[in-house]
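The structure appears below as structure tokens.
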Amino acid sequence: MLHHPAILFVCLGNICRSPLAEGAFRQAAAQAGLDVEIDSAGTGAWHVGKAPDPRAIRTAKAHDVDISRLRARQIRTEDFRRFTHVFALDHDNLAAIQRLVPPDGLAEIGLLLDLVQGRAGEAVTDPYYGDEAGFETSWADVLAAADALVTRLKSR
Ligand code: 4NP
């Protein structure tokens, strides 16, 4: 097992939920003084190279986090060797990730909200086709997970 933690957040497009998760966790980890590698990716390829959705950028900015310079990428086999933890934002993406794990992949894989007390088994709902309020719900979800993950990593 690698000791230096490296965390990858994974959703479908890597333009809404996982960039929010990356941004929330970057801020929480920095505030806690944690030395951790952080990235996000999508299981789909439609948005590769694109910035996060403008609604996601605005929502993060309202919470003092700048995600505007992130660029979407698709998850790849190498990620399961590079990262110690891979967190899926919902069940479909968890299933997609589990199909991609190579035989020598060591990353711990889980559902993001399993980190949060009382929310195990829940998904971060895809806000893409909804209104801006959905992004605020996504932010609250990923922030709760980010705080729980910081607590867990600090106690290692
Ligand atoms: P995300 O949201 O998985 O949270 O980045 C989505 C973004 C784009 C699409 C679906 C979900 N799409 O189908 O284009």
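Residues that are out of contact with any strand residue (DSSP E or B) (no Cβ under 9 Å at 6 or more places or on another chain), within 14 Å of SER18 (Cβ to Cβ) and surrounded by fewer than 18 Cβ atoms within 10 Å (Cβ to Cβ) within segment 47-85 comprise LYS50, ALA51, ARG71, listed in sequence order. Note on segment 117-156: residues that are crowded, with 18+ Cβ neighbours inside 10 Å and of a type in the set (Val, Ile, Thr) total 3. Scanning segment 141-156 for residues being within 16 Å of the ligand (Cβ to nearest atom) and more than 16 Å from ILE67 (Cα to Cα) gives a total of 2. Among strands (runs of 3 or more DSSP E) entirely within segment 10-123, having at least 1 residues that are free of Cβ contacts under 8 Å to residues at least 12 places away in the same chain and more than 13 Å from the chain's Cα centre (by Cα) singles out no element at all.
Out of curiosity, is ASP126 over 25 Å from GLY33 (Cα atoms), in contact (Cβ under 8 Å) with a residue 24 or more places away in the chain and within 14 Å of the ligand (Cβ to nearest atom)? Yes, satisfied.
Matching residues to (1) touching a Lys or Arg at 6+ places or on another chain (Cβ under 9 Å); (2) within 14 Å of the ligand (Cβ to nearest atom):
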{"site": "ARG73", "(1), (2)": "no, yes"}
{"site": "ARG76", "(1), (2)": "no, no"}
{"site": "ASP90", "(1), (2)": "yes, yes"}
{"site": "LEU94", "(1), (2)": "no, yes"}
{"site": "ILE97", "(1), (2)": "no, yes"}
{"site": "GLU108", "(1), (2)": "no, no"}
{"site": "GLY118", "(1), (2)": "no, no"}
{"site": "SER138", "(1), (2)": "yes, yes"}
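Does any residue of segment 30-39 turn out to be surrounded by 15 or more Cβ atoms within 10 Å (Cβ to Cβ), β-branched (Val, Ile, Thr) and within 13 Å of the ligand (Cβ to nearest atom)? No - not one qualifying residue is present in segment 30-39.
None of the figures in this text is laboratory data; all of them are computed from the coordinates on show. The structure displayed is predicted, hence computed values, not measured ones. When we count neighbours, we look across all protein chains shown, and the Cβ atoms used for this are built from the backbone with ideal geometry, even at glycine.
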